[in-house]
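To start, the structure itself, in structure tokens.
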Amino acid sequence: MEMAGSNSFMTSLLALLDHDKFMKDVESKPCCRTEQVNVKCYLNLVEKILNQAMATVDDVAKNTQPKGDQCQSKSSTSLSLETSIPLSSTINELCYQITCKARTNDVHQTMASLFNMLSSFSWDAKAVLTLLALSVYYAEHWRLAQIEESDDLLSITAMLRGSHAIGKSSNTQRIKAFVTLNNLIKVTLEFTKCAVEFMNYSKDFGEFSASIDISARFYYIIVIVLGCSVQFSGLISMSNEFLGQDLWTFSDRVTTKYESFKKEVANLREKHSEQISYEKIKKLSKHCTDIVELMAALFCTKNDFSTVYQCCKRKAVKVEKFKDKIVMLLISDLNLLDEDRETLTSIYSECTFQCSNYKIMWVPIVEEHHEVMQKKFLDKRSEMRWYTSNSIVSKPTAKFIRKKWQFRQQTKVVVLNQQGKVVNIDAMAMIRLWGQEAFPFTESKGQELWNRQGINWFKLVVNNMVFPDVEQSFEREELIFLYGSAEDTQTVQKIEKYLSEINGYFGPYKALNINTKREKFLTRLESCLSLKMQASSDVYDSRAQELLELYTSYKQCGGFAVIARGSSVVINTLLMDFETVLSQHQKWVTQAQAFEAGFKRYYEEVVKKPSCHRFYIPNVVGNIPECIKCAKCSRYMKTAVTFECCHGDQPMRPTCPTPSFGAHGFRDSAVAVAESVTYRSAVAEPASATYWSAVAAAELATYRSASSAPS
């Protein structure tokens, strides 16, 4: 017969903590769940009982007067126990299972018997009721241990139950074991509370909680309860043969499991709290009538006392500063470009802006919140003159901004009116292109600027901010070569070599390699596309087609090249095609005709037209149309979604196609630094392989399909 508390029993119990097969066997048995249990009520009862019992143990260990009576019922709440189940008989039977029956069975038999008895209960009820049985057993013995010797009847009862020895023990090792066991029971209680809390949260976070096997945690708790019961039974025996064998090992294992699970629950608790805050912000934004109310909800925490930080005065000020103001939210990560900051600083310093009722608020959004990020935020904040939050914005606010205002790491400016309503979801594009001239930064102002007569996309993308002195070349109508590639440096070098060989044929010229100014160039190019799509989703006008062709060439086809006379674009093509024509300059370059005219004529002769017309739209743009007809053949274009990460600044071709069902679905599925959507229309199948068919074969990111019939 294997006595409870024996070394072999505890060794088997330790092994059971990691016995996946036994646990799975238990889980695989059908659970009727016919018994309805108010788990929260019973857990409160467990905590009440154990708190008093554990306080008694602490007093005994310190050799002080027990305070059990003092904490008995000052603020005691009446616990209404359910009458739908025979509580007392259930608890008595569980006590018998974890004490007396454990004396005659091995670990597996004891556990099997326990789970058989609890088969009609849910997993959380199984664990809580088993812990309740231990609580009754544990508290009863410690209560009896405090009986005065003058009470003969109860003193004899305590002696017969083994309780007399635990209250009067002077054995140091035994007392140390009692303290360790008491701490283990505290951990078990906290473990159970965490598991029950997790059950409540998991209803709202199915995806996250599915990664954690909660039934396994309740299984651990039942194993731990049995171990505590076995240890306690051994400690209260009159014999000194067993004084906490394996107790410290068992306690360490349990604590490790608990600490790991506690972190998971803390994570879920945080997510739950964030979700509640997010829902509040979301609800408020719908019904907001005052900008101050929205600003406080977004950027003020309980510790902020409803303040934001005014950078120019280096102090916190009341959020009421925004009362009746139009607020420009500058949303970015901590890598806000100096050019963007300087442009906004220039606007902020203008008398027109200072005399208006406009305010600028920087909204820093990061993925991770830690001290390094906080320091970086403070350093960046010191460079500004306007307002910002007292710290990096909260996760609920960041989530709202990402979802509601489609923030995808690219810097944007959301303009809110005095009622907290959005009047422009992204004014950053017009600010980059026109600066103060874009005032008052509304969508209608953007449309006005883009649609005004004489607008030239080339001058907007390529100006002195990107390439110093280029505007002088515009005025003098010099020949301008603009080219670049993220990958094909060899072709770029060849182009520069050919240009140096034939520069005597075209007089003064300017060769602009964007690779030295890539970030600035792409920012302005994407700003043009964004403003164009905000102004109108019509992609058929010449400016839109030129911009999309250039952007697609750079992002999807290895590079681009543009030839312009002054600000008038003559050729906008692929880098490789440009190099092909230049490499044969002996065949077409003459003094008798203008360089660009000769290039264009020879280009049209030797460069084969692609079989498919396609373009690539960055996610920074505004109104992406859900369906587009091909500008070449009027058939509806097929759609694909790609995800791209440039690892800081190096563009890479996307590598996994995903069918798309419209721009809205595309926007909502953002998971990368930059998102893009490619439209392709099959015009005609080529008779033979061409360069474009080779490109198409190489581009795994582009989803290709035959065009549907025109409507």
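Tell me, what HN-Hα J-couplings in whole Hz come from the Karplus equation 6.51 cos²θ - 1.76 cosθ + 1.60 at θ = phi - 60° for each residue of the stretch 570-579, using x for Gly and Pro?
Going residue by residue, I get 9, 10, 9, 9, 6, 4, 5, 5, 4, 5 Hz, with x marking Gly and Pro.
With a sphere of radius 15 Å drawn around the Cβ of residue 482, what net charge do the other residues whose Cβ falls strictly inside it have (Lys, Arg +1; Asp, Glu -1)? Intermediate values should be presented prior to the final figure.
Details: positive: 459, 510, 517, 518, 520, 524, 565; negative: 469, 471, 478, 496, 546, 549, 577, 579, 596.
Residues near residue 482 contribute -2 overall.
May I ask which of 359/459; 126/271; 62/257; 313/359 have a Cα-Cα span longer than 19 Å here? Let's see the in-between values first.
Details: 359/459 30 Å; 126/271 27 Å; 62/257 29 Å; 313/359 15 Å.
Too far apart for the 19 Å limit: 359/459; 126/271; 62/257.
Send over a whole-number figure in Å² for the accessible area per residue of the stretch 275-422, probe 1.4 Å.
Details: 7010 Å² over 148 residues.
I get 47 Å² per residue for the stretch 275-422.
Check which residues have an amide H placed less than 5 Å from residue 511's amide H, if you skip close sequence neighbours.
481
Taking 31 Å as the cut-off for C-alpha to C-alpha distance, list the pairs among 375/445; 176/262; 325/412 that go past it. Show your work: numbers first, answer last.
Details: 375/445 37 Å; 176/262 26 Å; 325/412 19 Å.
Pairs exceeding the cut-off: 375/445.
Loop-only GluC sites (Glu not before Pro) in the stretch 325-382, please: DSSP not H, G, I, E or B, and at most 16 other Cβ atoms within 10 Å. Show your work: numbers first, answer last.
On the way: sites: 339, 342, 350, 367, 368, 371; in loops: 350, 367, 368.
Qualifying residues, ordered by number: 350, 367, 368.
Each residue of the stretch 430-438 in order: what ³J(HN,Hα) in whole Hz does its phi give by Karplus 6.51 cos²θ - 1.76 cosθ + 1.60, θ = phi - 60°, with x for Gly and Pro?
5, 5, 5, 7, 10, x, 4, 4, 7
Would you compute, for the Cα atoms of the stretch 438-584, the largest minus smallest coordinate along each principal axis and list the three values in descending order, in whole Å?
Result for the stretch 438-584: principal-axis Cα extents of 49, 33, 25 Å.
May I ask you to evaluate 6.51 cos²θ - 1.76 cosθ + 1.60, the Karplus curve with θ = phi - 60°, for each residue of the stretch 190-199 and list the ³J(HN,Hα) values in order in whole Hz, giving x for glycine and proline?
These are the phi-based 3J(HN,Hα) values: 5, 4, 5, 4, 4, 5, 5, 4, 4, 4 Hz.
How big is D for the stretch 504-582, in µm² s⁻¹ as a whole number, if Stokes-Einstein is applied with the Kirkwood radius of its Cα pairs at 37 °C and 0.692 mPa s?
For the chosen part, D equals 237 µm²/s.
Which shape class, rounded, prolate or oblate, goes with the stretch 312-392 when its Cα gyration tensor gives a ≥ b ≥ c as root eigenvalues, a/c under 1.5 marks rounded, and past that a/b bigger than b/c marks prolate? Mind dumping the intermediate values first?
On the way: a/c = 2.10, a/b = 1.50, b/c = 1.40.
The shape class here is prolate.
The values are calculated or read from the model by the stated rules, or taken from the named source; none is laboratory data. These numbers were taken from a predicted model, which means no experiment stands behind them. All Cβ positions, glycine included, derive from the backbone under ideal geometry; neighbour counts span all protein chains shown. The protein model used for the area step is the full one, side chains on, heavy atoms only, and it has no ligands, DNA or RNA in it. Shrake-Rupley method; radii C 1.70, N 1.55, O 1.52, S 1.80 Å.
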